[in-house]
1. How many of the residues in region 308-322 are closer than 15 Å to Met140 by Cα and either acidic (Asp, Glu) or modelled with pLDDT under 85 (or both)?
2. Tyr359 fails exactly one of the following numbered conditions: (1) hydroxyl-bearing (Ser, Thr, Tyr); (2) modelled with pLDDT of 95 or more; (3) within 15 Å of the chain's Cα centre (by Cα). What is the number of that condition?
3. Check Asp278, Asp230, Asp247 and return the single one that is more than 12 Å from Asn350 (Cβ to Cβ), in the same structural domain as Leu471 (by TED's automatic domain parsing) and modelled with pLDDT under 90.
4. Among the numbered criteria (1) at pLDDT below 85; (2) touching an Asp or Glu at 6+ places or on another chain (Cβ under 6 Å), which single criterion is violated by Asn186?
5. Among the candidates Glu88, Glu103, Glu97, Glu125, which residue alone is assigned by TED's automatic domain parsing to the domain that holds Glu53 and without any contact (Cβ under 8 Å) to a residue 12 or more places away in the chain?
6. Tally up the residues in region 625-653 that are at pLDDT below 75 and hydrophobic (A, V, I, L, M, F, W, C), please.
7. Find the residue count for region 212-230, including only residues that are surrounded by fewer than 24 Cβ atoms within 10 Å (Cβ to Cβ) and more than 17 Å from Asn292 (Cβ to Cβ).
Amino acid sequence: MKNFILLLTLLLCASCVKDSIESVSIEQPQHSKIIMLSDNNVAGSMIVCFDDEAVTRVEAGVSRSGATRSGIEQFDAVLERIGVVKMERLFIPNRFEERLRAEGMHRWYVVSFDQNADLDKAAVEFAAVAEVDKVQYNTMMSNDDRRPTTIVASSAQPIVKTRSNATFNDPELDRQWHYINVGDTNIYSGVKAGADINAEEAWKITAGDNRVIVAVVDDVVKPTHPDLADNMWVNTAEKNGVAGVDDDNNGYVDDIHGVNFVTFVADGTTELKEGMSDHGTHVAGTVAAVNNNGKGGCGVAGGTGKGDGVRIMSCQIFYYRTQADYAPNSSWPSGSDKGASRAFQYAADNGAAIAQCSYGFPTKYTQDRVFEGTAQQVAIDYFVKYGGGEVMKGGLPIFASGNEKLNYATYPGAYRDYISVTAMSCNYTPSYYTNFGPGSNIAAPGGDYLQRYYDDGTGEFNSEIYSTTFLEGNYGYKQGTSMACPHVSGVAALAISHALKLGKKLSAIELRNTLLSSTHDIDSYCVGQKTDLSSGNTPISANCSKWKGKMGVGYIDAFKTLMNIQGTPCLTVRTGTKQSVDISDAIGGNPAQMVFVDGGVTMSQADRTKLGVEGDITISKTGLLQIKCTKPGSAMLKFKFVSGPGVDKENPLGSTEATGGMEVVQEVAIFSRAFATNGGWL
């Protein structure tokens, strides 16, 4: 943006992303007050933060409905020159005004003016005003829906097998390999059983809790969708209140299921229009489509059909733009920093515990200091501090890493305090489009259409993610880190639900740490070549080393997450080989003070069958567990050990081996996983 753009040099090869981030040099803007996020900004709009002393004068003249003067002479002269339309507070005054002011959020204002005015010149002139603390461009966001047209499921596509038994009665669960993957090659010839989030085992423990609210910060969630309606958040004060009145004093009128932060009207009034994006409805279905209702598919935390699914709050920050009505060469859904900032305030003020955020802004910046101090960071941190409602201490934001194949995650998700999700395919491998590297924290199923298309030569879409849509037919396939992200958000909602059942109230940091500690290795599959796409529709072969060690800590496991919430130790064994595992590593303590009881190890026949256990499961006195699993999966195993030394009756002051100590029965979760051992992609 003329003389004030942050200059960033990324030396990229024309056809692929390099393995590591090149050296980055950022030239600071000529005025230190100007916050430079990108060159993709809303015309005729600027965000300004006043200093503490000046904001008192500004507030005297700016009402909730806005004004055209600030009361600061030099600032007002700039407003007049650029053709001011309105000046209003960015963060909406409401019943939480005291804490908003304590966080300094009353100092932020949005200025709307002539769309033909020069943004860079306006920024410099605003920054020259002594009473102005910061000037920020109103950056445009994108949910980067890589396949804007949802592929609607059809009878011509084969129904794949995803489950060994009927967990729930939802007929389309058979299409959702990303929850339960038994290795059906109708998905893709190279599919691998177990490349999923292990939902079936998790659902045996909990499938949700209707006290948990997940804010979907995206485009609109269709509140009347037959598989979402019963799990939509309901603002009872507004539903039972007076139409046209802010009954609960939260700053919005008639916000029964959420707010449209593009048009600032109550959500649920949006009409289906030709070309409208259904991105938000799709991710919402992954989080909490109603389970066990005999309709469509399932959601990760959609409950058991008894009104116990987590609740979806619709925070719409995108509208569907076309080349004709907005930016050239673009047909992607787009919103702004203004709408996103208000959405996080709303989510915190209305009790959301998780913010599901499959979006980012198109930037080449890879340093936290570029994002720090922005209005959106202030808003997200407000959610982290004050979100959670009655179920959690603070809120947890979860973002998609982005679909540009960059070797770094995009912001806001790349910021050090937030979770950023990369995407994997149905065979454990990184999806061709996923961003990776710095800022990436954890992987989840996102689908991989191209891998199936080029490897199989077919055009089926079963390797993508199946969920609810806004379109006719109500269900369809999409792929992207946008689709991976709600898997982690859904697992996070399950974790909160289970903690509540156990009488625990997690903090946002505890939940974040639990999620990042509840994964399985993905790097062992990163060998050989993988189909990639350089440009157009030309497939290329890419060495997987570019992804290795850069997809986050591993891929999420819902069952393991719940085990960690309840404090049950977890052990991982390799599928197909007899393993000797030191079980004392999982349970801790002093092995010298434990004697394990041989023959005291048990596993149910159902679990033995599920894991394909061959032969006996044994444990030595020193705690070496011997087990051979021929199938991937997870199960529970119980064993006994004697803790502490017994008493020698002939020598009471002496001690013997622990055979006379306290007998303890312990339960562990066993995870059987296949790991790559050859030179090709599994």
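The values are calculated or read from the model by the stated rules, or taken from the named source; none is laboratory data. Because the structure is a prediction, the values reported are computed rather than measured. Note that each Cβ is placed from the backbone with ideal geometry, even for glycine, and that neighbours are counted across all protein chains shown.
1. Qualifying residue count for the region: 4.
2. (2)
3. The unique qualifying residue is Asp278.
4. Going through the list (1) at pLDDT below 85; (2) touching an Asp or Glu at 6+ places or on another chain (Cβ under 6 Å), Asn186 breaks only (2).
5. Testing whether each residue is assigned by TED's automatic domain parsing to the domain that holds Glu53 and without any contact (Cβ under 8 Å) to a residue 12 or more places away in the chain leaves just Glu97.
6. 2
7. Adding up the residues that qualify gives 2.
Quick grid of which residues meet (1) assigned by TED's automatic domain parsing to the domain that holds Asp230; (2) over 20 Å from Ile496 (Cβ atoms); (3) in a helix (DSSP H, G or I):
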site: Gly285; (1), (2), (3): yes, no, yes
site: Asn293; (1), (2), (3): yes, yes, no
site: Thr304; (1), (2), (3): yes, no, no
site: Asp308; (1), (2), (3): yes, no, no
